[in-house]
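Every number here is computed from the coordinates shown, using simple stated rules; none is lab data. These numbers were taken from a predicted model, which means no experiment stands behind them. Note that each Cβ is placed from the backbone with ideal geometry, even for glycine, and that neighbours are counted across all protein chains shown.
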Amino acid sequence: MDVRPADNLAVGLPALFESMAGAVEHAWAATNRSPDDLPLIAAEVLDRHRTELTRLSFADIAEEALATRGPQLNADSPFGNPPITWLMADHFCIESYLWLENSTGIHDHGFNGAWMNLVGNSIHRQFQFDGAETLSPSLRVGSLIPINWEILEPGDIRQIPRGSEFIHDLFHLHRPTVTLIIRSFSKHSRDAPRLQQSYTGFGDCSFARDSFGRPDWEVLQKRLMYSLDAVTPDLAFDLFSRRLGEDSLETALMMLKFIILHLKPEPRAAYLRAFKAAYGPVAGRLVEALLLYRQNYTLLLFRRLAEDPEDMLLFGLLREPTDLTTVLERISTTTKASNPEIWLFERLRSISDRAQGQDTEWAIRLDEAALVALRNQLTGRSEPSGDYSAEDLALQSFFLSHQSPLQVLWK
Ligand SMILES: [Fe+2]
């Protein structure tokens with residue numbers, strides 16, 4: 001990727017965004033600024049400027065962003081590294097998000113708009129949330145069903161309709177990836193503000209929760225539990241257990257969602273058992289969602305082992321609890337690999353090599369016997385190989401099939 005500063009921009013970005021904002025304003029005013037009309041209008045304006053926009057290099061964008069002096073919508077937000085507000089109109093704004101390693105969680109939106117990938121590719125997944133059962137005004141349990149999987153490239157545009165009809169996430173393959181969005185301001189919306197929901201889990205074990213406007217004491221609880229667990233883990237568990245009868249299921253769930261990322265296996269099991277015992281059958285589904293959340297979190301910590309966008313694609317595939325056939329199909333359609341099994345094996349082997357010598361317990365650090373078992377699994381072979389008997393390999397295969405994040409390859 002060319003990251004040298006351009007000698008001169010064909011069009012100054014501020015002028016380009018002014019022109020785009022004028023086009024949005026004009027078309028939207030003609031619909032009496034109906035919120036539901038903005039996604040299509042924004043997408044059409046992005047589409048009309050696709051040529052100029054996709055000609056921008058990362059260096060062009062960075063140079064213009066450093067020079068910007070306008071108001072920023074969410075300068076401190078972790079959504080983007082950083083988010084960049086290019087232009088704020090009365091009822092909408094034009095923003096970019098620069099992405100390094102963070103990808104989004106699964107979420108819907110409290111605003112309307114459309115976005116385009118400017119630099120870099122992203123895995124884009126869409127979901128629907130079925131059979132939702134309300135546990136509190138801001139928490140629902142239900143089934144999160146995947147309905148689309150695609151790779152977005154520079155110039156690809158998708159609309160964002162507000163609400164739970166459009167649930168998605170993005171996993172960025174290039175470092176950096178930059179997106180451009182035209183979106184409404186929820187604070188200027190004529191409708192009652194709708195809070196964005198975040199979704200945790202997959203399939204039947206999933207929950208949706210308001211992700212903005214949370215009270216400060218939730219942050220206090222999380223930070224305190226983290227510190228208590230670090231210095232007095234017994235006290236941390238004791239206090240958590242005593243809160244279980246006092247606090248709502250939602251409050252306990254949020255504490256657990258945070259602390260589960262830091263707990264070692266034994267205390268983790270104790271926390272989860274206590275939570276299930278306190279809140280009954282529905283807590284079992286929530287625990288499954290939390291375990292998947294933790295598994296994804298752990299996997300993403302190791303993205304630093306990725307050397308290129310294809311390694312990143314592999315991480316993006318392994319995080320999803322699908323099956324081997326789906327993973328191989330997606331490799332076939334998104335890479336030029338003529339043999340997806342071999343592509344997958346070689347990628348895992350090279351990432352495993354890079355993991356050697358690193359201070360990690362990650363399962364992907366594969367020894368020779370594990371590599372043979374892995375290759376057999378991917379190619380459908382079962383005969384013994386080299387120095388390893390069929391029993392050795394069956395045992396290796398058993399271990400790998402229970403290791404995060406490789407289980408998906410045994411389904
Ligand atoms: Fe989004």
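To the nearest 20 debye, what is the magnitude of the charge dipole of the range 303-410 about its Cα centre, counting +1 on the Cβ of each Lys and Arg and -1 on the Cβ of each Asp and Glu?
That gives the range 303-410 a dipole magnitude of about 340 debye.
Using the Cα centre as the reference, give the magnitude of the dipole from point charges on the C-beta atoms of the range 268-364 (Lys, Arg: +1; Asp, Glu: -1; all else neutral), rounded to the nearest 20 debye.
With Lys and Arg at +1 and Asp and Glu at -1, about 540 debye.
Quick check: residue separation of Ala15 and Arg48 times 0.36 nm, minus the Cα distance between them. What number comes out in nm?
10.4 nm
How much length, in nm to one decimal, is gained on full extension between Thr31 and Ser136, taken as 0.36 nm per residue of separation minus their Cα-Cα distance?
Extending this stretch completely gives an extra 34.1 nm.
Using the Karplus curve 6.51 cos²θ - 1.76 cosθ + 1.60 with θ = phi - 60°, work out ³J(HN,Hα) for each residue of the range 390-395 in order, rounded to whole Hz, and write x for Gly and Pro.
Result, ordered by residue: 4, 5, 4, 6, 5, 5 Hz.
Once the Cα atoms of helix 216-231 and of the chain are each reduced to a long axis, what angle between those two axes, in degrees from 0 to 90 to the nearest 10, is obtained?
That works out to roughly 30 degrees.
Would you work out which of Ile157, Gln128, Leu300 lies farthest towards the positive end of the dipole of the chain, given +1 charges on the beta-carbon of Lys and Arg and -1 on that of Asp and Glu, about the Cα centre?
Gln128
Compute the helix-to-body angle for 340-355: its Cα long axis versus the longest principal axis of the chain, expressed 0 to 90° and rounded to tens.
Tilt relative to the chain: about 80 degrees.
Which ³J(HN,Hα) values in Hz, rounded to whole numbers, follow from the phi angles of the range 128-143 under the Karplus curve 6.51 cos²θ - 1.76 cosθ + 1.60, where θ = phi - 60° and Gly and Pro get x?
10, 10, 9, x, 5, 10, 7, 9, 7, x, 10, 9, 10, 9, x, 10
Show me the ranking of peptides 215-222, 393-400 by mean Cβ neighbours inside 10 Å, starting with the highest.
The packing order, highest mean first, is 393-400, 215-222.
Using only alpha carbon pairs under 8 Å that are at least six residues apart, calculate the relative contact order of the chain and give it in whole percent.
Answer for the chain is 12 percent.
Can you tell me which of Glu391, Glu310, Glu95 moves the most in a GNM of the chain? Springs connect C-alpha atoms under 10 Å apart.
Glu391
Show me 79-86, 233-240 ranked by packing, highest mean number of other Cβ atoms within 10 Å first.
Result, highest mean Cβ count within 10 Å first: 79-86, 233-240.
From the helices alone, meaning DSSP H stretches of at least four residues, give me the mean residue ellipticity at 222 nm for the chain, per-run term -39500 (n - 2.57), in deg cm²/dmol to the nearest 500.
Calculated mean residue ellipticity at 222 nm is -14000 deg cm²/dmol.
What number, in percent, do you get for the relative contact order of the range 86-160 if the mean sequence gap of Cα pairs under 8 Å and at least 6 apart is divided by its residue count?
This gives 34 percent for the range 86-160.
Any idea what angle helix 13-29 forms with the longest principal axis of the chain, computed on alpha-carbon atoms, 0 to 90 degrees, nearest 10?
Roughly 80 degrees between the two axes.
Need the C-alpha centroid separation for the range 26-99 versus the range 242-266, integer Å.
The distance from the Cα centre of the range 26-99 to that of the range 242-266 comes to 38 Å.
In terms of modelled amide H atoms, which long-range or inter-chain residues lie less than 5 Å from the amide H of Ile167?
Under 5 Å from the amide H of Ile167: Phe127.
When only Cα pairs under 8 Å and 6 or more residues apart are kept, what is the percent relative contact order across the range 216-279?
38
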